[in-house]
Ligand code: XMP
């Protein structure tokens, strides 16, 4: 695609102009955006770039392995893998307010990036895969320009104490353009086509207080849901699908036993840029199959519901 080839060349030049001989840290989240940003920046400045993948304990099943192997094996780009789950889950302990969760996570990301920057003798820039819709949604809203709906951790949510300047080479792009750029840069199709995943991860899919046990339960349930979506051949038709673990227990019956366990909500939407979205009209048989599997296979969940809210008035994530 000639336009993407031209964009790539231009973006590389811009990055070189901005960064000069400076050192850059790039935070990887496991999503397409930060991966594309990292590969692009690596092409522009080579080993002036250090990629840092922070596992906050709120990633999807298998995520860490996939990111690490993409960078180390497929691209041969050095990658620092930080297991910060104790830090993040510790600071999030007992926190229920969605915006507080986002602020805590944004702040801890910066702490971890700062610490990694210090280890390499300091960095001048922090690179992020911020997209155009992230920029718009963090500063504007349906109600008017002064309302923040959600602080995306990679835009408005950064604490003022951060000293590094930002490098955001995707700031003018929409998701489909980032995917095209990813293909242009040779990212594997399976990676380019992945559903978006928010920086705060499963934290914003566990309304109420977060625990490691809840994150584990959610990861297991979500892996089954996504597996069934893939088996049904629907993955690429859907913009984003995920599960939400509700802070509500309900009564059920398994065999002869009374159960009292959590409710899991399934969400799937179609969209072109994440700014508006429609809920995905699964067949009932599909939903029934997923519910049966999750309740049988995941301890701690005894009821599954499907979210039929579009955006607006709902947002895609629940927090
Ligand atoms: P909402 O929930 O605002 O989500 O309708 C729109 C899209 O943005 C993703 N999202 C985020 N991505 N950092 C990110 O990188 C964030 O803090 C964040 N919050 C939401 C969401 O998954 C959806 O694709």
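Assuming R0 = 22 Å, what is the FRET efficiency of residue 65 and residue 258, from their Cβ-Cβ distance, to the nearest 0.05? Computed FRET efficiency for residue 65 and residue 258 comes out at 0.05.
Relative to the longest principal axis of the Cα atoms of the chain, the long axis of helix 2-19 makes an angle of roughly 70 degrees. GNM on the chain, alpha-carbon springs under 10 angstrom: the most fluctuating residue among 226, 45, 136 is 136. Fewest neighbouring Cβ atoms within 10 Å first, the residues 81, 56 line up as 81, 56. FRET efficiency for residue 293 and residue 119, Cβ-Cβ distance as r, R0 = 30 Å, nearest 0.05? Here the calculated transfer efficiency is 0.10. If you run the Gaussian network model on the chain, springs between alpha carbon atoms under 10 Å, then out of 16, 161, 219 the most flexible one is 161. Each helix, a run of at least 4 DSSP H residues, gives -39500 (n - 2.57); summed and divided by the residues of the chain, these come to -12500 deg cm²/dmol at 222 nm. Build a GNM of the chain with springs between Cα atoms under 10 Å apart, and of 209, 84, 285 the one that fluctuates most is 285.
Roughly how many Å is it from the Cα centre of the stretch 211-227 to that of the stretch 64-112, as a whole number? If you average the Cα positions of each part, the centres end up 17 Å apart. Each residue in 32, 135, 304 was given a count of other beta-carbon atoms within 10 angstrom of its own, and listing them fewest first yields 135, 304, 32. Using alpha carbons only, how many degrees (0 to 90, rounded to 10) separate the axis of helix 212-231 from the longest principal axis of the chain? Roughly 90 degrees, rounded to the nearest 10. DSSP bridge analysis restricted to the stretch 211-306 gives an antiparallel fraction near 75%, rounded to the nearest 5.
Each Cα pair under 8 Å and six or more residues apart adds its separation to the average, and for the stretch 2-192 the resulting relative contact order is 26 percent. Counting neighbouring beta carbons within 10 Å and listing from fewest to most, the residues 7, 225 come out as 7, 225.
Compared with the dominant principal axis of the Cα atoms in the chain, helix 32-45 is inclined by about 10°.
Only the coordinates and a few stated rules stand behind these numbers; no lab work does. Bear in mind that the values here come from a model prediction, so they are computed numbers and not experimental data. Glycine also receives a Cβ, built like all others from the backbone with ideal geometry; neighbour counts cover every protein chain displayed.
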